[in-house]
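Below: one structure in structure tokens.
Values quoted throughout were computed directly from the atomic coordinates according to the rules given, and no laboratory measurement underlies them. Keep in mind it's a predicted model, so treat the numbers as computed, not measured. Here Cβ is always computed from backbone atoms with ideal geometry, including for glycine, and neighbour counts include all displayed protein chains.
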Amino acid sequence: MINYWLKLIFSTEGLAPLVLTDSFQSEWKQLVVKEIHQIGFSNSILKEMGYINAKAAVKRRIWDIELQEHVSLLGNHSGVTYNEFTIPRYLTGSMPPKIIRAFTLARLNVLPSKLLDGKFQNIPLLNCLCPCEMN
């Protein structure tokens, strides 16, 4: 519905300009204008952005609003609060620093290993495994 409205706004030929200048306000037109205003845009702002940027901005804004609604429904049940970083337990425990570093590198997928090297150099998995077969 909003995508069709954006096409109408940016169309310069045919009946589209007449629909926009018509004094008759259909229910559909009123609904779309209301939706656009509810997400924080107006026709003039959208026209300044251009069709592609306006479409992307509206899509991103709708996605952000839906994400906020989902996060608010979660409350504290997810164990992770929005916009807050919690430190994993293995970093706060009493492990030796070398083991903490190894866990962190593995978690970030940067721990030097034959498997990772093989993955990025397209080496078959069997050639990356330990020759002693104790993987």
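Extension gain LEU126-LEU20, at 0.36 nm per residue separation less the Cα-Cα distance, in nm?
Taking LEU126 through LEU20 to full extension adds about 31.7 nm, to one decimal.
Sorted by mean Cβ packing within 10 Å, highest first, what order do the peptides 102-109, 122-129 take?
Highest-to-lowest ranking by the protection proxy: 102-109, 122-129.
So, by mean Cβ neighbours within 10 angstrom, what's the order for 24-37, 51-64 with the highest one leading?
Packing proxy ranking, top to bottom: 51-64, 24-37.
A follow-up question, please. Give me the extension gain from LEU111 to PHE10: residue separation times 0.36 nm, minus the current Cα-Cα distance, reported in nm with one decimal.
Going from the current span to full extension adds 31.3 nm.
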